[in-house]
Amino acid sequence: MMGDSRTTKFTWNDIVTAKAGAPPETRPGERAWVVGILPEATRSDSLLEQFPTGIVYDIEFEDGSSVSVHEGTLDALEVTADRPQRP
């Protein structure tokens with residue numbers, strides 16, 4: 001599901017990395033691309049119940065594997081330049 005990039009910290013195709021100390025499955029320090037945005041409006045989805053309140057992103061690593069990650073776990077490496085970044 002695509003989210004509204006005006007209200008999310010990251011948008012489709014931004015390059016991100018999980019912060020140090022994040023769960024191992026998020027591969028802290030490795031490059032990944034945002035390939036999905038799951039807004040809070042979809043919280044009824046059982047997958048999202050494991051995350052705290054906030055936006056959840058699907059990110060894909062260079063080897064093609066992917067994982068869902070809470071926004072607080074991610075740092076930007078490269079963001080789309082044509083829009084402002086949400087704090």
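The values are calculated or read from the model by the stated rules, or taken from the named source; none is laboratory data. All values reported here derive from a predicted model rather than from experimental measurement. Methodologically, a virtual Cβ is constructed for each residue, glycine included, from the backbone with ideal geometry; neighbour enumeration extends over all protein chains shown. Keep in mind that these areas ignore ligands, DNA and RNA; they rest on the heavy atoms of the full protein, side chains included. Shrake-Rupley method; radii C 1.70, N 1.55, O 1.52, S 1.80 Å.
Of the residues making up segment 30-54, just one is at pLDDT 95 or above and small (Gly, Ala, Ser), namely Ala32. Taking each residue of segment 61-87 that is closer than 28 Å to Glu49 by Cβ and surrounded by 12 or more Cβ atoms within 10 Å (Cβ to Cβ) and looking for partners that are among the hydroxyl-bearing types (Ser, Thr, Tyr) and modelled with pLDDT under 90 with beta-carbon atoms closer than 8 Å, six or more apart or interchain, yields Glu71/Thr8; Arg86/Thr7; Arg86/Thr8. Among the residues of segment 22-43, which ones are within 12 Å of Val79 (Cα to Cα) and open to solvent by 20 Å² or more (accessible area, probe 1.4 Å)? Answer for segment 22-43, where residues must be within 12 Å of Val79 (Cα to Cα) and open to solvent by 20 Å² or more (accessible area, probe 1.4 Å): just Trp33.
Looking only at residues of segment 6-21 that are open to solvent by 20 Å² or more (accessible area, probe 1.4 Å) and out of contact with any Lys or Arg (no Cβ under 6 Å at 6 or more places or on another chain), we find that the one that is modelled with the lowest pLDDT is Arg6.
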